[in-house]
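> Handing you a structure now.
Quick note: the coordinates plus some simple rules give every number you see, no bench work behind them. Note that the coordinates shown come from a computational prediction; the quantities given were computed from them, not determined experimentally. Glycine also receives a Cβ, built like all others from the backbone with ideal geometry; neighbour counts cover every protein chain displayed.
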Amino acid sequence: MAAQSSPAQSLPAPSLPADQSHWRFHVPHASLGATFGGGWFGALAESIARFFGTPYYLVGQTVLVIAWVATNAAMLVGFDPYPFILLNLAFSLQAAYAAPLILLAQTRQAERDRVWSDADARHREELSESTLTLLQLNTDLTRQVEELTTQIHRLTAEVHARLLAEERDRPPRA
């Protein structure tokens, strides 16, 4: 069976400026930026799915339902008398489109979150390796400093001992 390639694998990776090289693990997954894809349908579907969760939508739908029920119950307009079957049909139609859009948005968002988490983990792993390398270099430098300090101390003691010996061996001044 042939391996399937994802859309992210088929796109060329954009280059990054040097000061943004920390994003290099995220670049291959840049195509996952838009939840429903990058076309006009994706943008429309994502905006609809996002709108369903806003207070504007909830308040607007509540006002519309109250107006619908009040208008038809008061018999001002008799296009949907009680038990409001047309309103029920409108809700069913809305649910038939809203649920798949919202589920699709959640699925794609979960995939996008997983990919970004993987990229972040790779970035942290590289930082961890760099940190260990720097710690090893620091340890090596500390050892060198300790060795040089020991040598300086030994040489200073040796020079001090020679100076004292020369002064002892020197004849007294008259």
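> Work out the FRET efficiency for Leu148 and Arg122 from their Cβ-Cβ distance, taking R0 = 35 Å, and round it to the nearest 0.05.
The computed FRET efficiency comes out at 0.35.
> Okay, moving on. Short version: ³J(HN,Hα) in whole Hz for each residue of segment 60-72, in order, from phi by Karplus 6.51 cos²θ - 1.76 cosθ + 1.60 (θ = phi - 60°), x for Gly and Pro, what are they?
With the stated coefficients, segment 60-72 comes to x, 5, 4, 5, 4, 5, 4, 5, 4, 5, 5, 5, 7 Hz.
> Let me ask another. Would you mind counting up the charge near Ile152? Only other residues with Cβ under 14 Å from its Cβ, with Lys and Arg at +1 and Asp and Glu at -1.
Charge balance near Ile152 sits at -2.
> May I ask you to evaluate 6.51 cos²θ - 1.76 cosθ + 1.60, the Karplus curve with θ = phi - 60°, for each residue of segment 85-94 and list the ³J(HN,Hα) values in order in whole Hz, giving x for glycine and proline?
Working through the residues one at a time gives 5, 5, 5, 4, 4, 5, 5, 5, 5, 4 Hz.
> Let me ask you something else. Just check segment 35-168 against the gyration tensor rule for me: Cα atoms, a ≥ b ≥ c as the square roots of the eigenvalues, rounded for a/c under 1.5, and otherwise prolate or oblate depending on whether a/b exceeds b/c.
Prolate is the answer for segment 35-168, as a/c is 1.5 or above and a/b outweighs b/c.
> How many nm is it between the label spots at Ala98 and Leu137, if each spot is 7 Å from the Cα in line with the beta carbon?
Between Ala98 and Leu137, the label points sit 5.8 nm apart.
> Through the Karplus equation 6.51 cos²θ - 1.76 cosθ + 1.60, θ set to phi - 60°, convert the phi angles of segment 157-163 into ³J(HN,Hα) values in whole Hz; use x for Gly and Pro.
In residue order, the calculated couplings are 5, 5, 4, 4, 5, 5, 4 Hz.
> Next question. Which chymotrypsin sites (Phe, Trp or Tyr not before Pro) in segment 37-92 sit in a loop by DSSP (not H, G, I, E or B) and have at most 13 other Cβ atoms within 10 Å of their own Cβ?
When the chymotrypsin sites (Phe, Trp or Tyr not before Pro) of segment 37-92 are filtered for loop state and at most 13 Cβ neighbours within 10 Å, Phe79 remain.
> Can you grab the distance from the C-alpha centre of segment 151-174 to the C-alpha centre of segment 52-83, Å, no decimals?
Cα centres, segment 151-174 to segment 52-83: 106 Å.
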